[in-house]
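Chemist: Below is a structure I'd like to ask you about.
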Amino acid sequence: MSSTPHRRHAEVSGAGFAGLTASIALARQGWTVRVHERAEVLREQGAGIVLWQNSLRVLDAFGLIDEINEGSMTPPFYETRMQNSIVSDEAMPDIWWRTMTRPFLHSVLANAARREGVEILTGSTVAGATEQGTLWLEDGTEFEADLIIGADGVGSPVRDSLGIEFDRQTSRDGISRFLVPRKKAELQAIEPDTDWDNMIDFWNLEPRVLRVLYTPANENELYIALMAPSDDPDGSAVPIDLELWKSIHPQLAPVLDEAAKVEGKYYGYQTTRLEQWTKGRVALVGDSAHAMCPALAQGGGCAIMNAYTVAQAASESDIAGIPAALVEWERVERPITDRCQDRSQEYANTRGMAYGNQFTGDVNETTLYDPTNSHRHDAV
Ligand code: 3HM
């Protein structure tokens, strides 16, 4: 479409899910791409993740679904329990979703980025960017680009160097996350009637709020997340207070024992909303732009879909038009993520997921959105 005098070039800050997805999408559209990762080793330290079809469609467009399927699973039901009584078992037959570990998803994306010719620089700490398209490192090195992607997390140096303002709201709860062995036989021995392949959301509000989200990630690994209010020092302690958690969720003893051995960190729920996602040649995606509460399990999903659509939008533009193309991208794509942030924050604030049957109606808007067939195309 455009008559480009040279191959378009992008500099990307951050080699997490958002940065790698944008890099792959741009490289596949013929861009040269360099990603800066401040960590010395390229790896993901998080625990588990649920991907819904909005992000799976992006992975499918990249030809990565067979690889994803080999290391992930779809639990038969999303089960919700309140005070250990089942309130719903949601099969969600019309929704494509997979559970997996974060290190696994990261390795699939990192390998794909390498195959697409993306240059990944580890130990490369970005300090900021200009709207004209210069990215600079902490050591003063500068890189010029037609497009800069700030995918550098909730504390984004790219965002903050541009003076983009944001509002940050915290919720009263937070979560500690662990990867542990499945221990299926041990769990089965304690509670034989339970399908331990289900994702099980064990809510407990009385006598105190201590929730366990049990998410099988593959045959061998379980993602276990423990939610407690941030003003509960015992509930939010890491390493976990084993006796406390076992007293509320005794049937989970085998996996809680394992979680107590794992290093981890308690994260308070928060939502960040920016005055704008783009400035000149810079676009922000992922937690730098739209960090959200995890209730709907869409933080990574929105990062992946927005990274994909921004790459498509920039690729459809000529070089001079990129700043305007980014503004148009935000206008079209952002409302879906805004509403996801609102809904996730609402569930976090009200603890409304405890009542079951929560994956219905408008709540599924983000999940059902297809970023590979964006209505951006209808707008032009
Ligand atoms: C997958 C997932 N779902 C919900 C939460 C939550 O409400 O904190 C966290 C998750 O990782």
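Chemist: Return yes or no: is residue 205 within 16 Å of the ligand (Cβ to nearest atom), assigned by TED's automatic domain parsing to the domain that holds residue 249 and either surrounded by fewer than 14 Cβ atoms within 10 Å (Cβ to Cβ) or modelled with pLDDT under 95 (or both)? Quick ask: steps written out before the conclusion?
Modeler: On the way: within 16 Å of the ligand (Cβ to nearest atom): yes; assigned by TED's automatic domain parsing to the domain that holds residue 249: yes; either surrounded by fewer than 14 Cβ atoms within 10 Å (Cβ to Cβ) or modelled with pLDDT under 95 (or both): yes.
When the stated conditions are applied, residue 205 passes them.
Chemist: Here's another thing I want to ask about it. Would you point out the residue of the stretch 250-263, among those that are out of contact with any Lys or Arg (no Cβ under 8 Å at 6 or more places or on another chain) and within 16 Å of the ligand (Cβ to nearest atom), that is least open to solvent (accessible area, probe 1.4 Å)?
Modeler: Only one residue tops the list, namely 259.
Chemist: Additional query: Within the stretch 219-237, take every residue that is away from the ligand (no atom under 15 Å from the Cβ) and touching a residue at least 40 places away in the same chain (Cβ under 8 Å) and give me the one that is farthest from residue 348 (Cα to Cα).
Modeler: Looking at the filtered set, the residue picked out is 219.
Chemist: Out of all the residues in the stretch 209-225, which are touching a Pro at 6+ places or on another chain (Cβ under 8 Å) and charged (D, E, K, R)?
Modeler: Within the stretch 209-225, just 221 meets the criteria.
Chemist: Only one of (1) touching a strand residue (DSSP E or B) at 6+ places or on another chain (Cβ under 7 Å); (2) within 12 Å of residue 307 (Cβ to Cβ); (3) within 16 Å of the ligand (Cβ to nearest atom) is not met by residue 55, so which one is it?
Modeler: The failed condition is (1).
Chemist: Also, I was wondering about something else. Conditions first: (1) modelled with pLDDT of 95 or more; (2) open to solvent by 20 Å² or more (accessible area, probe 1.4 Å); (3) part of a loop (DSSP other than H, G, I, E, B). Residue 114 passes all but one, so which condition is the exception?
Modeler: (3)
Chemist: Please list, ordered by residue number, the helices (runs of 4 or more DSSP H) wholly in the stretch 289-380 having 1 or more residues that are more than 17 Å from the chain's Cα centre (by Cα) and closer than 25 Å to residue 212 by Cβ. Spell out the reasoning first.
Modeler: Values: elements: 299-315, 322-350, 365-368, 376-379.
The qualifying helices (runs of 4 or more DSSP H) are 322-350.
Chemist: Among the residues of the stretch 279-309, which ones are open to solvent by 10 Å² or more (accessible area, probe 1.4 Å) and either of a type in the set (Val, Ile, Thr) or more than 16 Å from the ligand (Cβ to nearest atom) (or both)?
Modeler: Hits for the stretch 279-309 are 279, 280, 281, 308.
The values are calculated or read from the model by the stated rules, or taken from the named source; none is laboratory data. Everything numeric here is computed off the predicted structure, so don't read it as measured data. Using ideal geometry, Cβ is built from the backbone for each residue, glycine included, and neighbour counts are taken over all protein chains shown. Areas reflect the complete protein model, heavy atoms only, side chains present, ligands, DNA and RNA absent. Shrake-Rupley method; radii C 1.70, N 1.55, O 1.52, S 1.80 Å.
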